[in-house]
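Engineer: Before I ask anything, here is the structure I am working with.
The values are calculated or read from the model by the stated rules, or taken from the named source; none is laboratory data. Since this is a predicted model, take the numbers as computed values, not measurements. As a convention, Cβ positions derive from the backbone with ideal geometry for all residues, glycine included, and neighbour counts pool all protein chains shown.
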Amino acid sequence: MELNLKYGREIVKGKLPLSNCQELLPKPCKAAITDLSAHLRQKLNHPTKGPALNEIVKPGERVVILVSDITRLWNRTRDYLPTILAYLEECSIEPSDICILIARGCHRSQTEAELEEIVGKEIFAKYEVVEHDADDPDGLSYVGTTSRENAVYVNRRVAEADRVILTGGIIHHAMAGFGGGRKSILPGVAGRQTVEHNHLYTLHPTEIAINPAIGSNKLEGNPLHEDMVDAAALVNPDFLVNAVLDPQNEIVDFFTGHWLDAWLAGCELVNDIYGVPFAEQGDLVVASCGGFPYDISLYQASKTFYNAGLATKEGGSLILLIQAQDGPGSDDFFGWYDNETSEQFYHNLKANFSIPGYLAYLIYTIAQSRKVYVVTDCDAAMVAKMGVVPTATLQEAIDQACADLQDDAKVWIIPEGGFTFPIMKS
């Protein structure tokens with residue numbers, strides 16, 4: 001089978017010498033929206049849930065719009081943000097009363113060029129565009145404590161705004177069940193301690209393991225998600241605009257209105273598109289993250305590790321394509337692999353939790369039970385610390401992984417691993 005898979009902004013090729021190969025692909029969607037602006041305006045006036053935006057905002061109010069960072073460039077903020085801003089101006093909200101806040105959580109800071117790429121050149125020049133900083137105590141305000149005793153600190157601009165509008169995209173999420181919605185608040189504009197308290201729920205409370213209550217498509221009983229909802233409720237955002245996109249990165253629909261109810265409706269569509277049923281786990285899985293920005297770093301590629309791992313049997317082999325132009329994606333990412341045992345890793349993470357540490361642990365647990373080959377531009381010696389086999393090319397990885405496989409070995413190909421969620425048929 002000839003393979004042509006995304007790698008960063010490029011396509012790489014390889015040939016599989018096996019016959020029992022199938023692709024795991026999201027299902028085809030209805031035709032994409034032809035007039036994006038007109039469709040969104042309709043959704044602003046007639047939301048999925050709740051009152052219209054023009055019934056909420058009032059002249060003279062200060063409005064903060066939360067938008068995703070460069071790692072979520074796929075949600076096409078720059079294509080629909082102009083419509084929201086024009087709509088607000090028609091509601092007599094002055095541009096000087098609007099702040100566009102990059103809800104980057106604990107991700108790295110963006111360059112000025114990246115900020116411009118996120119919102120568009122004209123908007124960057126006309127409006128105040130600023131980044132959230134999770135480590136700036138002077139820029140944070142306490143808004144309350146969740147039912148799980150998480151003290152919630154959020155960006156001061158959000159706490160002091162008259163109106164808060166959430167934007168973003170909805171997709172499966174390996175910890176919170178789904179992205180989008182309440183994640184714009186926590187972790188999007190929350191303080192680091194608030195984020196890390198929340199993300200500590202990823203670990204099993206008593207066993208050396210990841211908490212089985214978390215994971216893609218898991219909301220009910222997921223403590224990470226439920227704590228995020230509690231935190232967002234303390235802010236009580238005024239309006240949501242979340243996009244759902246198809247595998248070709250075309251916007252299929254917008255979900256608008258109430259920050260929780262409208263988002264939940266969008267999650268149903270995401271599950272319908274990207275939840276891909278399969279009958280058996282593969283002896284070999286070959287997965288691309290889906291190219292840039294899904295493989296911008298090893299940190300971001302953890303989503304593909306998770307999804308592809310679900311499709312790979314224990315003891316099987318997994319090939320992942322991760323260009324990682326930003327390397328690990330966090331300064332302390334590789335340092336977590338200095339832990340010599342699973343027990344040591346778990347206890348150190350529980351004592352000094354960090355998000356990069358958890359994602360490193362997630363990858364570690366997958367690599368402990370499967371043979372993982374990673375095609376990457378990252379330093380091979382550092383990548384090898386993760387318990388995986390670094391390779392320079394896709395074909396090199398294929399040749400190594402297939403050396404001991406029978407011709408009838410089951411192989412799954414996942415071209416868009418960052419957003420393809422395999423669901424085992426019962």
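Engineer: Scan region 221-238 and report the pairs whose first residue is at positive phi and in the same structural domain as A174 (by TED's automatic domain parsing) and whose second residue is surrounded by fewer than 24 Cβ atoms within 10 Å (Cβ to Cβ) and part of a loop (DSSP other than H, G, I, E, B), with Cβ atoms within less than 9 Å and a gap of 6+ or a chain change.
Structural biologist: Qualifying pairs under 9 Å: G221/A213.
Engineer: Being part of a helix (DSSP H, G or I) and surrounded by fewer than 20 Cβ atoms within 10 Å (Cβ to Cβ), is that true of even one residue in region 236-253?
Structural biologist: no
Engineer: Now for a separate question. Conditions: (1) in contact (Cβ under 8 Å) with a residue 60 or more places away in the chain; (2) within 24 Å of A397 (Cα to Cα); (3) in contact with a Cys (Cβ under 7 Å, 6 or more places away or on another chain). I273 meets all but one. Number of the miss?
Structural biologist: Of everything listed in (1) in contact (Cβ under 8 Å) with a residue 60 or more places away in the chain; (2) within 24 Å of A397 (Cα to Cα); (3) in contact with a Cys (Cβ under 7 Å, 6 or more places away or on another chain), I273 misses just condition (2).
Engineer: If we keep just the residues of region 9-61 that are basic (K, R) and assigned to a loop (DSSP other than H, G, I, E, B), which is modelled with the lowest pLDDT?
Structural biologist: K30
Engineer: Could you list, in sequence order, all residues of region 394-426 that are over 27 Å from A174 (Cβ atoms) and polar (S, T, N, Q)?
Structural biologist: Those that are over 27 Å from A174 (Cβ atoms) and polar (S, T, N, Q): Q395, Q406.
Engineer: Quick one: in region 16-63, of everything that is among the acidic types (D, E) and touching a residue at least 12 places away in the same chain (Cβ under 8 Å), which residue is farthest from C402 (Cα to Cα)?
Structural biologist: Only one residue tops the list, namely E61.
Engineer: Filter region 196-211 for residues that are part of a loop (DSSP other than H, G, I, E, B) and among the polar types (S, T, N, Q); which is surrounded by the most Cβ atoms within 10 Å (Cβ to Cβ)?
Structural biologist: Among residues in region 196-211 that are part of a loop (DSSP other than H, G, I, E, B) and among the polar types (S, T, N, Q), the one surrounded by the most Cβ atoms within 10 Å (Cβ to Cβ) is N211.
Engineer: Would you be able to tell me the number of residues in region 212-235 that are charged (D, E, K, R) and not in a loop (DSSP other than H, G, I, E, B)?
Structural biologist: 3
Engineer: Condition first: in contact with a Lys or Arg (Cβ under 7 Å, 6 or more places away or on another chain) and over 19 Å from S288 (Cβ atoms). Now tell me which residues in region 1-59 satisfy that.
Structural biologist: N20, I56, V57
Engineer: Go through region 336-359 and report how many residues are farther than 15 Å from I208 by Cα, at pLDDT 95 or above and not charged (D, E, K, R).
Structural biologist: Qualifying residue count for the region: 2.
Engineer: Next question. State all residues of region 261-296 that are assigned to a loop (DSSP other than H, G, I, E, B) and either over 18 Å from the mean Cα position of the chain (by Cα) or surrounded by 20 or more Cβ atoms within 10 Å (Cβ to Cβ) (or both); if no residue qualifies, say none.
Structural biologist: Of everything in region 261-296, those that are assigned to a loop (DSSP other than H, G, I, E, B) and either over 18 Å from the mean Cα position of the chain (by Cα) or surrounded by 20 or more Cβ atoms within 10 Å (Cβ to Cβ) (or both) turn out to be A279, E280, Q281, C289, G290, G291, P293, Y294, D295, I296.
Engineer: Right, here's the next one. Any idea how many residues of region 72-114 are among the β-branched types (V, I, T) and free of Cβ contacts under 8 Å to residues at least 24 places away in the same chain?
Structural biologist: Residues flagged as among the β-branched types (V, I, T) and free of Cβ contacts under 8 Å to residues at least 24 places away in the same chain within region 72-114 amount to 1.
Engineer: I would also like to ask the following. Which of the residues belonging to region 187-220 are of a type in the set (S, T, N, Q) and without any contact (Cβ under 8 Å) to a residue 40 or more places away in the chain?
Structural biologist: Selection gives T206, N211.
Engineer: When you look at G50, is it under 19 Å from V235 (Cα atoms) and not hydroxyl-bearing (S, T, Y), yes or no?
Structural biologist: Considered against the rule, which asks whether it is under 19 Å from V235 (Cα atoms) and not hydroxyl-bearing (S, T, Y), G50 comes out as yes.
Engineer: Restricting attention to helices (runs of 4 or more DSSP H) lying wholly within region 331-390, give those where 1 or more residues are among the basic types (K, R) and either surrounded by fewer than 18 Cβ atoms within 10 Å (Cβ to Cβ) or free of Cβ contacts under 8 Å to residues at least 24 places away in the same chain (or both).
Structural biologist: 342-351
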